[in-house]
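FYI, it's all coordinate maths here, none of it is from the lab. As the structure is a computational prediction, the values presented were derived from the model and not from experiment. With ideal geometry, Cβ positions are generated from the backbone for all residues, glycine too; neighbour counts draw on all protein chains shown.
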Ligand code: AMP
């Protein structure tokens with residue numbers, strides 16, 4: 001695996017390959033890699049000639065400085081994991097290389113997608129995400145880029161970003177990878193203590209419960225059931241539980257025929273914020 005610290009050098013290398021007709025797959029990450037990340041890389045490897053992974057903890061997408069400071073980092077172990085699965089390229093830059101003109105996010109509009117759920121709870125988050133994803137796609141010039149459904153709102157926003165900014169890259173959604181107890185894999189899980197890890201499996205259980213009752217109950221009933229369940233749990237604090245239209249991500253009040261819905265949840269385990277979602281149709 002070739003490791004690049006500088007965008008210009010990586011871009012030169014990838015351009016040379018692209019001219020020769022090689023298809024490039026790209027998987028952006030913030031490191032502290034787990035099997036969920038590796039599944040994206042493996043999917044890219046099956047669909048492209050070359051796979052690039054980036055590890056960059058993007059400061060502009062953190063609205064909470066404490067979350068940024070505490071974000072787990074394990075570059076040596078990550079590099080080993082990527083080598084083990086034969087990833088072709090790793091881009092491991094300093095912030096200056098990604099943001100040569102200073103650490104600032106551009107302001108984007110995604111037709112309202114950016115204002116729901118994570119956008120409402122984390123002001124500026126999606127401007128930071130879109131700014132870094134656009135820059136990374138310009139550097140890595142991929143034919144396909146892989147994003148996890150774990151961050152479903154981010155996935156929808158990135159799909160819109162490539163259309164609005166006319167970036168010639170196909171965005172490929174990838175299924176959520178889970179721990180044995182159902183907890184969605186996340187770099188932040190490393191910060192959970194054993195008791196929190198165990199109780200955090202309830203997050204997926206709530207989603208499964210919403211899915212199995214989706215046809216028989218109203219949206220209000222589903223929401224009330226989930227909220228009362230969390231009121232009785234001292235270790236987990238429910239931030240939101242929403243059932244939203246998958247296209248607009250607007251919270252649904254009533255189910256409509258021919259529309260597709262997903263349930264979205266954000267929960268605090270102590271100071272650690274966890275998100276998850278599930279398809280309801
Ligand atoms: P992150 O490093 O958290 O920014 O994630 C990098 C990419 O991996 C994003 O596209 C995430 O949606 C995806 N990802 C993170 N966790 C999972 C998971 N458990 N299953 C599938 N994809 C994931």
Cα-based helix-to-principal-axis angle, 201-213 vs the chain, degrees rounded to 10: 60
Return the Rg/Rh ratio of segment 57-177 with Cα-based radii and a Kirkwood Rh. 0.95
Between the helical axis of 219-231 and the dominant principal axis of the chain, each derived from Cα atoms, what acute angle in degrees is found, rounded to the nearest 10? 90
Can you give me the C-alpha center-to-center distance between segment 154-202 and segment 35-90, rounded to a whole angstrom? 12
Highest mean first, what order results for 40-47, 216-223 on Cβ atoms within 10 Å? 40-47, 216-223
Using only the alpha carbons, work out the radius of gyration and Dmax of the chain in angstrom. 19.1, 60
Segment residue 6-residue 205, length gained on full extension (0.36 nm per residue, minus Cα span): 67.3 nm
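Report the FRET efficiency, 1/(1 + (r/R0)^6), for residue 255 and residue 23, where r is their Cβ-Cβ distance and R0 is 41 Å, rounded to 0.05.
Plugging the Cβ-Cβ distance into 1/(1 + (r/R0)^6) gives 0.50.
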Relative to the first principal axis of the alpha-carbon coordinates of the chain, what is the inclination of helix 35-47, with its axis defined by its Cα atoms, in degrees from 0 to 90 and to the nearest 10? 50
Starting from the Cα-Cα distance between residue 65 and residue 85, subtract it from 0.36 nm times their residue separation and give me the gain in nm to one decimal. 3.9 nm
Tell me what the chain gives for mean residue ellipticity at 222 nm when only DSSP H runs of n ≥ 4 count, each as -39,500 (n - 2.57), the sum divided by the residue total, rounded to 500 deg cm²/dmol. -11500 deg cm²/dmol
Rounded to the nearest 5, what % of DSSP beta bridges with both residues in the chain are antiparallel? 50
